[in-house]
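What follows draws every value from the coordinates through simple rules; no lab data is involved. Being a predicted model, the structure only gives us computed values, none of them experimental. Backbone-built Cβ (ideal geometry, glycine too); neighbour counts: all protein chains shown.
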């Protein structure tokens, strides 16, 4: 097993447990301790009754000082990555779950490409995505203004509210945003 690059998900998929989440925690020497704490808190919060918590110590293999680098990617998933790259470039057909044909999923796929795949499978147009995003953003702003998120938003320095939530009433603004699938 190679290090880094979503090791938790790789272990789940390669062990035939890809129907359950696999989470990678990178705190170098305290990763397994942190993973166990996360599992403990999830149990205490009622999010499940049993979790598998493991640790892998391989800091010596982090050539660039970080765990997520191309050298750390597991070559078992190279075909899946190649298909994702082809899809991102517009050179592949409609996305289908690779597990349906016995292939492995791409563990290293960017969220933007995942969104593109989901939109294609659902038949959702860019216009529909923009409509949903604008509605979601406006509802978030409305709820912030009403104080609904008051306990969850912690002021930092002189900021009193989240500056990332701004009303977007004009759908044209959303349409002008650059799409990032990488």
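Determine which residues of region 18-41 fall in the zone a paramagnetic label at residue 52 would reach in this model, i.e. backbone nitrogen under 13 Å from the point 7 Å along Cα→Cβ. In region 18-41, the label zone of residue 52 (backbone N under 13 Å from the point 7 Å along Cα→Cβ) covers 18-23.
Relative contact order of region 77-132, taken over Cα pairs closer than 8 Å and 6 or more residues apart, is 37 percent. Modelled label positions at residue 26 and residue 131, each set 7 Å beyond Cα in the direction of Cβ, lie 4.0 nm from each other.
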